[in-house]
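Take a look at the structure set out below.
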Amino acid sequence: MATYPLRVVEKSIEAEDAASLYFDVPQDLKGAFSYRPGQFLTVETENEGEAIARQYSLSSTPGTHQRLRITVKKIEGGVVSPWLVDRASEGDLIEVQIPRGRFFKDINEPTHVVMLAAGSGIAPILSIGRWLLENDAGHKVTLVYGNRTPDTVILADEVENVAEKFADRCVVQHIMSRANGNWDGERGRIDREFVTKHFPEWDDRSDDLPMIFYMCGPEGFMDAAESALQQFGVPLKSIHRESFDMILEDDGDEPGLEVLGADSPGELGATTKIVAVVGGEEYEADWAEGEDILAALLRVDADVPFSCQEGTCSSCISKLTEGNIAVRPGVLQTLRQEDLDEGLTLACLSQPKSKSIRIDFDEI
Ligand SMILES: Cc1cc2nc3c(=O)[nH]c(=O)nc-3n(C[C@H](O)[C@H](O)[C@H](O)COP(=O)(O)OP(=O)(O)OC[C@H]3O[C@@H](n4cnc5c(N)ncnc54)[C@H](O)[C@@H]3O)c2cc1C
Ligand code: FES
């Protein structure tokens, strides 16, 4: 997908191994770079002659911050994060794709939004939480933020400022796994036990608001939190999660899940056509047996967004508007059944199941 060079206009160190980069968006790109809270930028660069791409959630909040901000935690031995944290500096131009992702879904009634973040998972969580509070629609926010020690807390000042500014509607609770004796707050991790202990107080709000949950961080913590929430009867559709480090489980020979578009134009055959809409343009590819939709589109140089090609980054999220497809069951680690019911899919895990399909990468 097309990338745009954005200039780093400020860099701030967030903790010993994390930094925020602020980008100015030129006037002519403002429309393309408008974003919803919780969306991410895909940063592209080269490593040993190979193009590589990584996703970074926008930690800034649309409507509140003028500039785009990503907040990166350095992964030892990693390729891109050490470059961004240690070496990228003010004045650099960095190639990025336009914002993508569907972590945040509109909330239609006043709601108690409980947000669980671990480490750099705070980036999209803060963007969403702040957006909900700034655009006062009667929501309340409980933010639970887990870190190792107080000096590893990323975006600590902004979390504090948000808590103070919206003290009547926002509660922030820190939890540290390895704090020394001076820490008098909660100790441990956001795990099953923690959620089981705190759920009654999240639920016990006199205002009787419905609750939904957002979580972001390592898969293990989100699995544990999700299963504890389900024990309290929280339905999966009220739990939204974004993973930074997911590895798609082998879904082997399990049958594909069906996604249906508006029309059903005939049986799959040798002449199956894929039409994709990307950036307002249409691309057409003939499908070759066994190929996923993304591969077919890349073969004809369609300007489709992608990165991991294995269902984990959600860059290739798209909407089926005509025809039928089958998608590998592993998609349910990234999307929910309700997303599939809306026609959403990941092009890198999907194959056509009708004579023609139309898939839209803009309408997500
Ligand atoms: C939708 C999305 C949003 C993201 N948003 C953010 C963000 O806001 N901030 C942020 O810091 N990161 C974020 N990430 C993670 C980011 O895209 C990179 O995966 C991460 O920075 C590692 O990239 P790297 O090139 O440094 O390491 P790589 O070269 O990709 O990996 C090097 C080694 O580290 C391991 N590794 C990779 N990621 C992790 C991890 N998270 N924890 C532990 N080990 C790991 C790999 O398995 C590999 O062995 C996001 C990822 C996704 C999919
Ligand atoms: S390219 Fe990453 S999910 Fe499809």
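Observations, loosely collected:
- Being without any contact (Cβ under 8 Å) to a residue 40 or more places away in the chain and either within 15 Å of ligand 1 (Cβ to nearest atom) or open to solvent by less than 40 Å² (accessible area, probe 1.4 Å) (or both) holds for only one residue in Asn108, Asn161, Asn147, and it is Asn147.
- The condition (being open to solvent by 20 Å² or more (accessible area, probe 1.4 Å), away from ligand 1 (no atom under 16 Å from the Cβ) and touching a Gly at 6+ places or on another chain (Cβ under 9 Å)) is satisfied by just one residue among Asp341, Asp292, Asp303, Asp286: Asp303.
- Among the residues making up segment 350-364, those that are over 14 Å from the mean Cα position of the chain (by Cα) and open to solvent by 10 Å² or more (accessible area, probe 1.4 Å) are Gln351, Lys353, Lys355, Ser356, Arg358, Asp360, Asp362, Glu363.
- Residue check, Arg7 open to solvent by 50 Å² or more (accessible area, probe 1.4 Å), touching a residue at least 40 places away in the same chain (Cβ under 8 Å), part of a strand (DSSP E or B) and not β-branched (Val, Ile, Thr): yes
- Search result, residues across segment 106-142 that are part of a strand (DSSP E or B) and under 15 Å from Val171 (Cβ atoms): His112, Val113, Val114, Met115, Leu116, Ala117, Lys140, Val141, Thr142
- Screening Ala326 with (1) open to solvent by 50 Å² or more (accessible area, probe 1.4 Å); (2) over 21 Å from the mean Cα position of the chain (by Cα) gives one miss only, at (1).
- Unmet requirement for Gln309, which otherwise passes all of (1) within 14 Å of ligand 2 (Cβ to nearest atom); (2) crowded, with 18+ Cβ neighbours inside 10 Å: (2)
- Taking segment 40-105 as the region of interest, the strands (runs of 3 or more DSSP E) fully inside it that hold 1 or more residues being more than 8 Å from ligand 1 (Cβ to nearest atom) and more than 24 Å from Val162 (Cβ to Cβ) are 40-47, 50-57, 93-96.
- Every condition in (1) under 30 Å from Leu340 (Cα atoms); (2) open to solvent by less than 10 Å² (accessible area, probe 1.4 Å) holds for Ala118 except the one numbered (2).
- Residue ID - nearest to the chain's Cα centre (by Cα), chosen from residues in segment 329-338 that are within 14 Å of ligand 2 (Cβ to nearest atom) and open to solvent by 20 Å² or more (accessible area, probe 1.4 Å): Thr334
The values are calculated or read from the model by the stated rules, or taken from the named source; none is laboratory data. All figures in this text were calculated on a predicted structure; none of them were measured in a lab. Neighbour counts are summed over all protein chains in view; Cβ atoms, including those assigned to glycine, are modelled from backbone coordinates with ideal geometry. What goes into the accessible areas is simple: the full protein's heavy atoms, side chains included, and nothing from ligands, DNA or RNA. Shrake-Rupley method; radii C 1.70, N 1.55, O 1.52, S 1.80 Å.
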